[in-house]
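For reference, the structure discussed in these notes is given below.
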Amino acid sequence: MDDRLIFEKSDSGIKASYVKKPEIGLKEPKEILPANCLRSGLELPSLGELEVVRHYTNLSKRNFSLDTNFYPLGSCTMKYNPKINEELASLEGFLNIHPYQNEECLQGALELIYNLETLLCEITGMKRFSFQASSGAQGELTGMLMVKKYHKVMKNKKRKVIIPDSAHGTNPATSSMCGYETKVIESDKDGLIDLDKLNKAVDAETAAIMLTNPNTLGLFEENILEVAEIIHKNGGLLYYDGANFNPLLGVTTPRLMGFDAIHLNLHKTFSTPHGCGGPGAGAVGVVDKLLEFLPVPLIDKKKDDFYFNYKIKHSIGKVRAFYGNFSVLVRAYAYLLRLGREGLVRVAQNATLNANYIKERLKNDYNVASNKPSMHEVVFSCTKQKEKGASALDIAKRLIDYGVHPPTMYFPLIVKEALMVEPTETESRKTLDYFIDSMLKINKEIDENKEILHNAPSAAYVKRVDEVKAARNPDLRWVREK
Amino acid sequence: MPYILNTENDIKEMLRVAGVATLDDLYKHLPSQIRLKKELNIPSGFSEYEVKQSVTSLAAKNKTINSFNSFLGAGLYDHYIPSALKPLISRAEFLTAYTPYQAECSQGILQAIYEYQSYICLLTGMDVSNASLFDGGSSLAECVLMSLRITKRNKVVLSSLINPEYKKTLYTYLSGLNFKIQEIDFDAEGFTDRAALKSVIDENTACFALQSPNFLGTIEDIEKFSSLTKEKGALTILVANPLSLSLLKEPACQGVDIVCGDGQVLGGSLSLGGPSFGFVATKNEYLRQMPGRIVGKTVDRENKTAYCLTLQAREQHIKREKATSNICSNQSLNAIQAAIYLSLMGKDGMQKCALYSLNLAHYLYGRLSEVKSVKLSFSQNFFNEFIWQIDDAKSVLKKLYKRKIISGLNVGNFYPKLKNGILSCCTETKSREQIDNFIETLKDILK
């Protein structure tokens, strides 16, 4: 296999001819601009189109992806990304529109965003949505900055945000970016919020609690209404990290659970592709009392015309240029139309069923992190295997040899040797059975020949990668050899 | 049901294994008060055919820039995208993969991002780049936060000629924290006012951020600012257009400490402004304060070259409330797209693209100077866009629009003193004929 970088395949004689030479007398840059603002050389490679095509096609083949492998990566909701959504997002009418064109030119796009907002309001019970945030974490920042400004306008003296120890790392990181002190509360023995500890942690200075429900152990916070009461009684707000909303579609809403501000990861629950880590979209929804704080602009309608509404009294401003990852919104909208009200409930139920099926079939061989009923994902604690000499990491790497993308490892942090499995609703029982059988075989391999696990993966493009060396001697870019 | 593969039989059998009687029983531990009592009030699902019809009809309601003679730029640019790009970036193995946490089964993604990082370093001249951020605006905000961490100071100074959308984003990002932001004005030629910076910058200043070419199109004399910033021990942050760097001097050679910006110009479509991606590049010494994912080169157990995510101890999943940023998902696919675009275009293609844009924009400038009532008072040191002024700009724009010409952006909303200022842009996609058509129509309107 050819492991060379694109830079090492360059041939300086090759010239691309993609752009048209203008029909005007061309001047050299130095005839137009002062010499001190021009560069002297440009180190970029030169390749023929076929070489570039082959290079990146070959790179693409060195990966697992959802379309090629089962990808039960917990907390990431790797559900099937329907192809129709890709086709629709690529329509010329969506690709070639500039945000500074007159609203008259953008009516179809604005209507789509408006319709998507209407659907999500019904699905979550929120009053309005902003689509500016490009990811879940940016959604959290948007939501929590609204919380901050709300307290400021209301003249509430708040400085703390409460976060369970099972939370996604983005929650405490977001709280810090908003200038809040993070107060971590320990989960109870089942992995749920401990109401006593919560009561002790909450006081008049509590700005908000940030919660994922189901939480990162895949458990529903059964005391959510009590939690909401405790926080609200102290003048705080509830922020919902919607990363795990998939199993609750059409079953309950964040509004019914008592949340005031939420984000939904459209790239998780609403089927838009993850693209090696992005682009996603974090749709941020709020209840009435936070409406005045939403980012500008919102999309509103006057008679039959849609327009950008910048008149939002206490708006936090903007969290990025323009209006968000629009083409991600197109995909999520198409998905919602396709599923409809019955479909969404089936999504939730089957996501939950699939996780519970895996849990029941594996629970005798792998410890389950909690005895509580599971929702869309199940967290195993591979402590038995660790005692026998194979870690969660070894098991994860061995799964690669079986053609399965490893589950999320060592998260949540409160579970030892954690493997977090989220199958999603789009996988067939046959696929789940294959995964279960692989996990059972691996467990046997630990007894028979654990070296196989230590040396895993053996069938991937590379053997186990030395991540320590990568961090110790950072080599982060190509440099021409002298 | 679309996209769900469990049959009724499967469900029955799986419920039996799970020890649950019905699907609804999977939820019986949820408090009854929070259960939805009736179905959601949204339509039933549609067939794929109907969805296609419905969404396609929305797309058809938009009037794309291709139905006009458009000179819109202002942060998003209409460049030609080679046909080979889409099939490569649409490959499912890129499109449907997650963040490459598991290095062994993500080598292709990781190498592509490593190449992307290398490209950003080559263009900017800086030492290191991350794997992308969301967009130009949030990348500026993240870089300013980075400078505040590095210097442990509390004041930020900005050129008012940074893209107003980016500035607004920065203000929002900093709104929860106690930092002071000061903006400095611009001079009569469309440059950031250096004297104003001199009077404002002090020992509390963490950074001075400017953009070049700035929002009015003018190429700033960056060293004049970075030397001043350095004197006070502050960092210089530059917002750059990566495509312009095919011609313009590397920021690293102009005393810049951190470069950031938006990467839409590198093979991205307009798409109403998203998704594009944000880039960040800096010096080695600031590497550990850089936010976002980073890919590094290493080896596997058999000493074969391999790649992996690295320096993750800066990130939220490890450092939690002490992380450099809360960023998790980024815009990887757009960053890989940029690497492929740069590979297809190559050195010659990128230079031509920039050269043609430069020449066409200056040709437009020359032709506008023939029009009597047009005022061109700013410097001619611009790359692909510039400001021209005309009395009652709004009505002129409207008349041109009626004749199918989008002549540019009226910047009056952002800069009140430029209420009649129009920012017009030419990329390599413009033709002489289109520019001449704009000028002749303008003359006709002004008759």
Subject >> Residues located in region A:445-482, provided they are under 27 Å from B:L287 (Cβ atoms), more than 8 Å from chain B (Cβ to nearest Cβ) and in a helix (DSSP H, G or I) >> reply: A:V468, A:R472
Original post:
Quick one: B:E189 ticks every box in (1) over 17 Å from B:E223 (Cα atoms); (2) open to solvent by 10 Å² or more (accessible area, probe 1.4 Å); (3) in a strand (DSSP E or B) bar one, so which box is it?
Top reply: (3)
**OP:** Among what's in region B:48-69 and is more than 7 Å from chain A (Cβ to nearest Cβ) and not aromatic (F, W, Y), pick the residue that is least open to solvent (accessible area, probe 1.4 Å).
**Re:** B:N69
Subject >> Single condition B:L123 does not satisfy, out of (1) in contact with a helix residue (DSSP H, G or I) (Cβ under 9 Å, 6 or more places away or on another chain); (2) open to solvent by 10 Å² or more (accessible area, probe 1.4 Å); (3) part of a helix (DSSP H, G or I) >> reply: (2)
Subject >> Filter result (free of Cβ contacts under 8 Å to residues at least 12 places away in the same chain and within 11 Å of chain B (Cβ to nearest Cβ)) within region A:305-325 >> reply: A:A321
**OP:** Determine if region B:295-305 includes at least one residue that is open to solvent by less than 10 Å² (accessible area, probe 1.4 Å), of a type outside the set (D, E, K, R), assigned to a loop (DSSP other than H, G, I, E, B) and out of contact with any strand residue (DSSP E or B) (no Cβ under 9 Å at 6 or more places or on another chain).
**Re:** no
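Pick from A:L33, A:L44: which is within 7 Å of chain B (Cβ to nearest Cβ), open to solvent by less than 30 Å² (accessible area, probe 1.4 Å), at negative phi and within 41 Å of the chain's Cα centre (by Cα)?
Result of the check over A:L33, A:L44: A:L44.
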Subject >> Selected residue [farther than 30 Å from A:H314 by Cβ and assigned by TED's automatic domain parsing to the domain that holds B:E285] from B:P164, B:P100 >> reply: B:P100
Subject >> Residue tally, condition of a type in the set (A, V, I, L, M) and over 30 Å from A:N449 (Cβ atoms), over region A:356-388 >> reply: 1
Subject >> Where A:V328 falls short, out of the listed (1) facing chain B (nearest Cβ under 9 Å); (2) assigned to a loop (DSSP other than H, G, I, E, B) >> reply: (2)
Original post:
Has region B:79-90 got any residue that is more than 8 Å from every other protein chain (Cβ to nearest Cβ), open to solvent by 10 Å² or more (accessible area, probe 1.4 Å) and of a type in the set (S, T, N, Q)?
Top reply: yes
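Just one of B:K430, B:K417, B:K404, B:K352 is open to solvent by 10 Å² or more (accessible area, probe 1.4 Å) and either over 23 Å from B:D78 (Cα atoms) or without any contact (Cβ under 8 Å) to a residue 12 or more places away in the chain (or both); which is it?
On inspection, the qualifying residue turns out to be B:K417.
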**OP:** Report whether or not B:Y27 is surrounded by 15 or more Cβ atoms within 10 Å (Cβ to Cβ), within 7 Å of another protein chain (Cβ to nearest Cβ) and not polar (S, T, N, Q).
**Re:** yes
**OP:** Might you check whether a residue that is open to solvent by 10 Å² or more (accessible area, probe 1.4 Å) and touching a Leu at 6+ places or on another chain (Cβ under 8 Å) occurs anywhere in region A:227-245?
**Re:** yes
**OP:** State whether the residues of region A:68-78 include one that is open to solvent by 30 Å² or more (accessible area, probe 1.4 Å), in a helix (DSSP H, G or I) and at pLDDT 95 or above.
**Re:** no
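The values are calculated or read from the model by the stated rules, or taken from the named source; none is laboratory data. All of these numbers come straight from a predicted model, not from anything done at the bench. Don't worry about glycine lacking a Cβ; one is built from the backbone with ideal geometry, like all the others, and counts go over all protein chains shown. These area figures cover heavy atoms from the full protein model, side chains too; ligands, DNA and RNA do not enter into them. Shrake-Rupley method; radii C 1.70, N 1.55, O 1.52, S 1.80 Å.
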